[in-house]
Amino acid sequence: MDNNSKTNTTSTPPPPLSGPASAPLTPSAAQAEHSNKKDAESVVDSPGVFDTNLENYDNVLKFSQTMIEAMSMCNGIGYHALLIVLKYGNRLTQEELDGIDTIKEIFGEDLFKKHGIIIMTYGDNFQREVTETFQDWCGQQTGPFKNLLDHCAGRILLFDNATEDEAKITTMRDSLLECIARLPSNGERYTNDQFHIVATE
């Protein structure tokens, strides 16, 4: 990436460990900034579509409004990547699959293909429980998870969100930035204009 470049991402958080399925994890979009000598990143945390009952029209409306709020936080320049955050050890539920379909309906079919990256958290658990490599494990998956992985062209990263090792944190961050740099969008951002075009179709 170019020096002093800025990467914008929006993420869908994982489902909560407990609590009612109809309660959203994040009530509204929130933005966080990070920078170092080389790069700057802006991450917008969107509400948890994976823990919201989207069969309810009011919930769909609230989610759509928050997506508009999230898009407005990029100041019109758009996002490089959509990060789909999943927890290792959890199976994809029907609510999660419905949430993925809702994202496609709101942002368009190409969003996952051009901008989607899966972040698998609880990498420390994976490393304790699985002897094979993460890539080999991913290659053995079937069903809805494989379908989602295929939608994202196999782009998936394992994150140890419990580590306090600064070197490991830097390596994970760099691996994400490298994955974003290799997206088929070739640096093209998902913009407000694209969002509005899909919204009016």
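Laboratory data are not the source of any read-out in this text; all were calculated from the coordinates shown. Since the model is a prediction, treat every value here as computed from it, not as a measurement. Cβ sites come from the backbone with ideal geometry, for glycine too, and all protein chains shown count toward neighbours.
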- What length, rounded to one decimal in nm, is gained on full extension from S64 through to N161, with 0.36 nm per residue of separation minus their alpha-carbon distance? 32.1 nm
- Message: As an exercise, use a Förster radius of 30 Å and the Cβ-Cβ distance of K113 and I169 to find the FRET efficiency, rounded to the nearest 0.05.
- Response: 0.55
- Query: At D124 and S72, where each label point lies 7 Å from the Cα along Cα→Cβ, what is the point-to-point distance in nanometres?
  - Reply: 3.9
- Of the listed peptides 110-123, 162-175, what is their order by residue-averaged count of other C-beta atoms within 10 Å, with the highest listed first? 110-123, 162-175
- The rounded separation in angstrom of the Cα centers of the range 136-183 and the range 108-128 is 5
